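Have a look at the structure below before the remarks.
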Amino acid sequence: MAIDETPSSFFAPRPDRLRHSAIILLAAGLGLTVLVTLGQLPLLAAAAVFALVAAAALVPWRLHDAEASRDDIRTEDPVEAAAVNAIVAGMPDPAVLLDRAGRVIHLNAAAAQLAPALRKNELAQFALRSPEIIGALREAIATTQPRRATYLDQVPVDRWMELVITPVPVPTRFGGADKCMLMTFHDLTPLRRVEEMRADFVANASHELRTPLAALSGFIDTLQGPAKDDPKARDRFLAIMHAQATRMARLIDDLLSLSRVELSAHVRPDTLVDLVPLIRQVADGLEPLAHERQVVVEINLPEMPIMIAGDREELLRLFENLIENALKYGASGGKVIVSLNSAAMAEGAPEIRVTVRDFGPGIAPEHLPRLTERFYRVDVGDSRSQGGTGLGLSLVKHILNRHRGRLLIESVPNNGATFTACFPQPRSPGSTQS
Ligand code: ADP
């Protein structure tokens, strides 16, 4: 909606019509008195003429006044009026200045977008439909005290909004100041989302920790009670307890890693790291797991060093997660291929890509966009039985973000999954990108 940028008539400068009218009436009164005294005009005619002059002097003034100002608080100073308008127009959030009756004096473009029915010189109450806003506005007008309200704006999308009404003094024509109302709106949706995510995260983390803890205390009770003298059961339970304790430790480890990466998210790593030996080290470390799952790991690495600006520990963690996932969830394919190569992106910026491909069951398309969410798993039972925490891919994404890289996930159900970690290539050896 286009906003009329001319100063509102509320603030329009005007001549001192009151003084002019008084002078005209005084002159007419004097002239008529002289004519009546001299006997040149009957008193009745003089009175009629005076009434006509008075009407001519005052009625247009009253009409103009009624149209231009419904209150008597307007400022006469055009510079001041323009400044007030400019301030409202320049506010980043939706802002509306109302007179003390609730009529719109000025509104900025953001406010016009938020409430398209708002019009200058019209009552805001008629244009705003939310009962919370109208209630707060009524109270603010009645008490001339600040008011706040939060409400759900459902058009065009659900948004939690906060309304703040602040009484502001505006200079009056007769000196002093009168209270206008400045309404500002703030979008609380991002804050609410963060708050919800935080609450979800705490709930998920507690739940994930409580599950192995409950198993541990259950087995302790059994070992102290019914299985006290059963060496076979004791060995079996101790093995399960060990697995549960390992899962708890891993969860705490992943949580700490996530928070560490998040804390340093804005600081891009600047040490040059050669990816070739690093990937080999990770693959060697996972050889026992590959052996256990009967998976052949094929590694295609170039002969020469491939350097990126990175954090060594985080990169180890990243590749460990991707290769371990391929070994755990794609084991049925019997083969995992890890390859490293450079590629030019569409825009021409060169990238270094590490691809981990497995030939397992793959992932259904509806899960792909959510895989990097914390605690998201395709199959919770499967993940838990594999010692998973549901945090691995979230950690991978955060590490890549910190390295200004990105994660690509492709999968064809029943034909495996491919996870590709893409890193920007340093421009020249020894240099880092901004
Ligand atoms: P988890 O600790 O459960 O392994 P991740 O965040 O690493 O957590 O992975 C999230 C989920 O993504 C896993 O639980 C699994 O369902 C799915 N997933 C990850 N990698 C693969 C893969 N290579 N093949 C099939 N599913 C996978």
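The values are calculated or read from the model by the stated rules, or taken from the named source; none is laboratory data. Nothing here was measured: the structure is a model prediction, and the numbers come from that model. Please note: Cβ atoms are built from the backbone with ideal geometry, for glycine as well, and neighbour counts cover all protein chains shown. For accessibility, only protein heavy atoms count, side chains too; no ligands or nucleic acids. Shrake-Rupley method; radii C 1.70, N 1.55, O 1.52, S 1.80 Å.
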Residue check: is residue 132 more than 22 Å from residue 178 (Cα to Cα), modelled with pLDDT of 85 or more and not small (Gly, Ala, Ser)? yes
So, in segment 225-242, of the ones that are within 46 Å of the chain's Cα centre (by Cα) and surrounded by 13 or more Cβ atoms within 10 Å (Cβ to Cβ), which residue ends up nearest to residue 385 (Cα to Cα)? 240
Out of the residues in segment 140-152 meeting the condition of being free of Cβ contacts under 8 Å to residues at least 24 places away in the same chain and closer than 13 Å to residue 163 by Cα, tell me which one is most open to solvent (accessible area, probe 1.4 Å). 148
Sole exception among (1) in contact with a strand residue (DSSP E or B) (Cβ under 9 Å, 6 or more places away or on another chain); (2) surrounded by fewer than 19 Cβ atoms within 10 Å (Cβ to Cβ) for residue 381, by number: (1)
Identify all residues within segment 92-102 that are surrounded by 16 or more Cβ atoms within 10 Å (Cβ to Cβ) and among the aliphatic types (A, V, I, L, M); write none if there are none. 95, 96, 97, 98
Does at least one position in segment 375-391 carry a residue that is more than 7 Å from the ligand (Cβ to nearest atom) and under 23 Å from the mean Cα position of the chain (by Cα)? yes
Residue by residue through segment 411-427, note down the ones that are more than 11 Å from the ligand (Cβ to nearest atom) and part of a strand (DSSP E or B). 420, 421, 422, 423, 424
Tell me, please, whether a residue that is near the ligand (Cβ under 8 Å from one of its atoms) and assigned by TED's automatic domain parsing to the domain that holds residue 426 can be found in segment 344-357. yes
Give the residues of segment 277-329 that are within 37 Å of the chain's Cα centre (by Cα) and not in a helix (DSSP H, G or I), sorted by residue number. 307, 308, 309, 310, 311
Return yes or no: is residue 372 in the same structural domain as residue 409 (by TED's automatic domain parsing), assigned to a strand (DSSP E or B), within 16 Å of the ligand (Cβ to nearest atom) and among the hydroxyl-bearing types (Ser, Thr, Tyr)? no
When residues of segment 197-224 are limited to those that are within 42 Å of the chain's Cα centre (by Cα) and of a type in the set (D, E, K, R), the one least open to solvent (accessible area, probe 1.4 Å): 208
Could you run through segment 187-225 and say how many residues are modelled with pLDDT under 90 and touching a strand residue (DSSP E or B) at 6+ places or on another chain (Cβ under 7 Å)? 0
Which of the following residues is in the same structural domain as residue 374 (by TED's automatic domain parsing), in contact with a strand residue (DSSP E or B) (Cβ under 6 Å, 6 or more places away or on another chain) and of a type outside the set (Lys, Arg): 340, 316, 286? 340
How many of the residues in segment 363-374 are more than 16 Å from residue 411 (Cβ to Cβ) and either over 23 Å from the mean Cα position of the chain (by Cα) or at pLDDT below 90 (or both)? 0
